[in-house]
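Data block below; observations after.
Nothing in this text is a laboratory measurement; each read-out follows from the coordinates by a stated rule. Note that the structure is predicted; figures quoted are calculated from it, not measured. Note: ideal-geometry Cβ built from the backbone for every residue, glycine included; neighbour counts use all protein chains shown.
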Amino acid sequence: MNSLALILGSVVGIPVACAAVDLLHLTATKDVAFEEAMRLSNGKGIINLGAGPHRTYQGQVIAESPEILSNIDIVPNGIPHFLQLDLEKSALPFADKQFGCAFASHVLEHLVNWQFSLAEMVRVADNVVVVLPDPIYFSGWLSPSHEQHFSVEEIDEIAELYPEVTVYY
């Protein structure tokens, strides 16, 4: 019985350990990416896309940062400077290059029409910082809400097509 418990504990423990490593990676990557967005904004401010209430504590802190001039999400919420908008269907209601940086952390993988959304980000901001799930981590592949599963090659392609876009994963 003890060996069976040990085997079952090991099997169950592997996904839990992977999820913990995945969460640590996601948090660290998002921190580094937001630091880069603040640097690239050059004092013109940041538009934060995918800033809904379903976000993590870290996402809430970012949404309330003084550098954020607009928070956009499809789900209504009470965060500052909020605008409810479907990023796949609606053009962003801002002037060309109005912001220093657009920040979209874990947004594109949820969109069918991610190319439209990315083009809008490029239009309204001098620079764009995107955070995507790391292609090697299992959580990105297992999430039923993910419409896209970006490979390293596809991420490199985005960077080549859009030189003003920095992609973290």
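Please sort 28-34, 126-132 by packing, taking for each peptide the average over its residues of neighbouring beta carbons within 10 angstrom, highest first.
Packing proxy ranking, top to bottom: 126-132, 28-34.
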Per-pair calculated FRET efficiency, R0 = 30 Å: residue 77 and residue 28 via Cβ, rounded to 0.05 = 0.75
For segment 99-162, with only Lys/Arg (+1) and Asp/Glu (-1) charged at the beta-carbon, what is the dipole magnitude about the Cα centre, in debye rounded to 20?
-> 260 debye
Report, to two decimal places, the Cα Rg of segment 77-169 normalised by 2.2 N^0.38 Å (N = number of residues).
-> 1.09
Within segment 46-115, which trypsin sites (Lys or Arg not before Pro) sit in a loop by DSSP and count at most 15 neighbouring Cβ atoms inside 10 Å?
-> 89, 97
